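> Handing you a structure now.
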Amino acid sequence: MARRAKTPAAPASDLDARKATILEAVVVEHIDTAQPVGSSSVAHHADLGVSSATVRSEMVALEREGYLAQPHTSAGRVPTDKGYRYFVDHLASGVLGPAQQFQVKEFFSHVRGEVEDVLEQTSLLLSQLTSYTSVVVGSGHSRASVLSVQLVNLDARHHLLVTVYSDGTVTKHSVLASFEATHVEVTEASRQLNALLIGTTLDATVQVPSRTDTVARLVREAVSVLHAEAPTMDGDQVYIGGSSHVAEVFEGVETVRKVLSILEQELLVVSLVEDILEKGVSVAIGSEHGYEPLSSCAVIVAPVSVEGETVGAVGLLGPTRMKYQEVMAAAEAVSQHLTHHFGGVDRG
């Protein structure tokens with residue numbers, strides 16, 4: 001997944017103030033009620049100072065321009081994907097409420113364990129914050145750099161290799177040597193391993209010593225064990241939280257079935273998140289993401305970066321009428337905390 005983050009293009013502004021206000025009113029009310037919105041309701045709540053007939057005329061124009069649709073002849077109107085896109089592109093940045101901010105801060109101040117555990121717990125946190133289905137993607141460990149290495153002498157030929165990586169991963173491996181080594185030699189080999197490996201990644205080539213003494217042989221054995229592990233530590237990790245919310249927020253059995261079917265396919269989920277990030281956007285609405293089974297969905301993603309490189313992402317999936325401001329704020333807050341967590345930055 002590793003890539004440099006892109007900057008999204010600025011959204012185009014092609015509606016006058018009154019139409020924009022009417023469109024916003026329709027989107028907000030439809031998100032709240034899931035019902036078509038009539039002109040009289042918009043005129044009452046939008047405080048435009050114009051008649052219901054004028055609002056109706058503007059809504060007809062918005063429909064003609066593709067921002068609204070009328071599901072039934074006698075019904076009000078609902079936003080289209082284009083209408084939601086305009087709304088999102090002109091949406092003011094949101095912030096988490098005090099209770100949610102506290103929940104996120106408490107979570108990251110106490111979360112511990114292997115990187116897999118942190119990502120899995122984060123997916124559950126996101127789902128709890130938003131009541132939508134969450135997706136957390138992390139890059140394989142082979143891209144993480146080594147922070148420290150320790151070779152522990154268990155007996156003359158059996159040693160324990162403990163390696164700590166920049167993404168929070170801690171691995172332990174047995175090093176079974178065909179020769180004996182003293183405690184002093186193992187300690188010196190540990191020191192040389194740190195000098196050789198700190199700052200490198202598992203897929204990097206390192207210059208191991210070619211000497212024949214016991215310390216050099218131990219160093220070569222340990223490096224060989226680590227490099228043999230590299231293929232099994234590569235590949236993106238995917239964690240889905242709150243799949244049960246799919247049935248709660250989507251209408252129609254067929255839609256629920258399609259969404260759950262996609263979520264069961266990890267490679268598709270990773271590709272979906274990566275494609276959205278590649279486009280340099282944080283929200284993909286309806287058909288924008290190109291996955292037909294998710295055409296009634298909106299997907300919000302926020303990258304997790306370490307030293308300017310995207311090493312993962314958090315995402316939320318819901319209906320196109322999701323509460324964008326709240327959900328975008330949650331995704332952004334969690335991605336920032338994950339960035340600091342894996343980047344080793346103290347948030348205070």
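The values are calculated or read from the model by the stated rules, or taken from the named source; none is laboratory data. None of the values given here were measured: they were computed from a predicted structure. Backbone-built Cβ (ideal geometry, glycine too); neighbour counts: all protein chains shown.
> Within the range 122-160, can you find the residues that are surrounded by fewer than 19 Cβ atoms within 10 Å (Cβ to Cβ), more than 30 Å from Ala216 (Cα to Cα) and either of a type outside the set (Gly, Ala, Ser) or outside the structural domain of Arg321 (by TED's automatic domain parsing) (or both)?
Leu124, Gln128
> May I pose another question? Which of (1) aliphatic (A, V, I, L, M); (2) surrounded by fewer than 22 Cβ atoms within 10 Å (Cβ to Cβ); (3) outside the structural domain of Arg321 (by TED's automatic domain parsing) is the odd one out, the single condition Met59 does not satisfy?
(2)
> Now, a different point. From the residues in the range 248-300 that are over 16 Å from the mean Cα position of the chain (by Cα) and part of a strand (DSSP E or B), which one is surrounded by the most Cβ atoms within 10 Å (Cβ to Cβ)?
Once the filter is applied, the top-ranked residue is Cys297.
> Let me ask something additional. Scan the range 17-36 for residues that are closer than 19 Å to His72 by Cα and crowded, with 17+ Cβ neighbours inside 10 Å and report the count. Write out each step before concluding.
Quick first cut of the range 17-36, residues closer than 19 Å to His72 by Cα only: 23, 26-27, 29-31, 33-36.
Among the residues that remain, those that are also crowded, with 17+ Cβ neighbours inside 10 Å are: 23, 26-27, 29-31, 36.
Going through the range 17-36 one residue at a time, the tally reaches 7.
> Which ones in the range 165-199 are under 27 Å from Val111 (Cα atoms) and among the aliphatic types (A, V, I, L, M)?
Passing the criteria: Val170, Ile198.
> Scanning for something at pLDDT 90 or above, among the polar types (S, T, N, Q) and in the same structural domain as Ala313 (by TED's automatic domain parsing), does the range 223-243 turn up at least one residue?
For the range 223-243, residues at pLDDT 90 or above, among the polar types (S, T, N, Q) and in the same structural domain as Ala313 (by TED's automatic domain parsing): present.
> Another question, then. Return the residues of the range 73-113 that are exposed (fewer than 12 other Cβ atoms within 10 Å of the Cβ) and among the charged types (D, E, K, R); say none if nothing qualifies.
Hits for the range 73-113 are Glu106, Arg112.
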